[in-house]
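A.B. asks: Quick one: the structure is below, and I'll ask about it shortly.
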Amino acid sequence: MNINKEKYDLGPDPSLLLVDDDEPFVRRLSRAMDKRGFEVRSALTVKEGKKLVESLAPGYAVIDLRLEDGSGLEIVELIREKRS
């Protein structure tokens, strides 16, 4: 299946942050979202996710709430702060 990136209207900010401690899942989802036109950045920990948000708050996010080093809600709150 060949997906044309131009086909999807992602709005003015196509950046997507993926944070999950399941590395194979993150790789698969990252590839799938990239094919749909998202600019994907990913992290495996809360600490890594926060660091990515500090550099650029994403337009979209898929975040596991239960991670080994904390709650994904910490990242959600940081995104809200940075985008407001």
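The values are calculated or read from the model by the stated rules, or taken from the named source; none is laboratory data. Since the structure is predicted, the reported quantities are computational estimates derived from the model, not experimental observations. All Cβ positions, even for glycine, are placed from backbone atoms using ideal geometry, and neighbour counts span all protein chains on display. Side chains included, ligands, DNA and RNA excluded: accessible areas come from the protein's heavy atoms. Shrake-Rupley method; radii C 1.70, N 1.55, O 1.52, S 1.80 Å.
A.B. asks: Amide H of Ser15: which non-local residues (sequence gap of 5 or more, or other chain) have their own amide H closer than 5 Å, using H built in the peptide plane?
C.D. replies: Excluding prolines and chain starts, which carry no amide H, the hits are Glu39, Gly59, Tyr60.
A.B. asks: Could I ask something else about it? Are there GluC sites (Glu not before Pro) in the chain that DSSP puts in a loop and that have at most 15 other Cβ atoms within 10 Å, and which ones?
C.D. replies: Taking the chain and a limit of 15 other Cβ atoms within 10 Å, the loop GluC sites (Glu not before Pro) found are Glu68.
A.B. asks: Okay, next question. Suppose a student asked you for the relative contact order of the chain, using Cα pairs under 8 Å spaced at least 6 residues apart; what percent would you report?
C.D. replies: 33
A.B. asks: Quick check: residue separation of Asp9 and Arg83 times 0.36 nm, minus the Cα distance between them. What number comes out in nm?
C.D. replies: So the chain would gain 24.6 nm between Asp9 and Arg83.
A.B. asks: Let me ask you something else. Using alpha carbons only, how many degrees (0 to 90, rounded to 10) separate the axis of helix 73-83 from the longest principal axis of the chain?
C.D. replies: Roughly 70 degrees between the two axes.
A.B. asks: Then there is this: Using a 10 Å cut-off on Cβ atoms, rank the peptides 23-32, 10-19 from the highest mean neighbour count down.
C.D. replies: Taking the mean over residues of other Cβ atoms within 10 Å, the ranking is 10-19, 23-32.
A.B. asks: What does the accessible area per residue of the chain come to in Å², with a 1.4 Å probe and no ligands, DNA or RNA counted?
C.D. replies: Here the residues of the chain average 68 Å² of exposed surface.
A.B. asks: Helix 23-35 versus the longest principal axis of the chain: what angle, 0 to 90°, nearest 10, using Cα atoms?
C.D. replies: Tilt relative to the chain: about 40 degrees.
A.B. asks: Full-extension gain between Arg36 and Asp69, please, as 0.36 nm times their residue separation minus the C-alpha to C-alpha distance.
C.D. replies: 8.9 nm
A.B. asks: Step through the residues of the stretch 53-62 one at a time and calculate ³J(HN,Hα) from phi using the Karplus curve (6.51 cos²θ - 1.76 cosθ + 1.60, θ = phi - 60°), rounding each to whole Hz and writing x for Gly and Pro.
C.D. replies: Each residue of the stretch 53-62 in turn: 5, 4, 7, 6, 5, x, x, 9, 8, 10 Hz.
A.B. asks: I've got another one for you. How much of the accessible area of the stretch 4-84, probe 1.4 Å, is carbon plus sulfur, in whole percent?
C.D. replies: It is 50 percent, rounded to a whole number.
A.B. asks: Now, a different point. Where does the chain land at 222 nm, in deg cm²/dmol rounded to the nearest 500, when only DSSP H runs of n ≥ 4 count, each adding -39500 (n - 2.57), divided by all residues?
C.D. replies: -12500 deg cm²/dmol
A.B. asks: Given a Förster distance of 22 angstrom, what is the FRET efficiency for Arg28 paired with Val76, based on the Cβ-Cβ distance and rounded to 0.05?
C.D. replies: FRET efficiency, Arg28 to Val76: 0.50.
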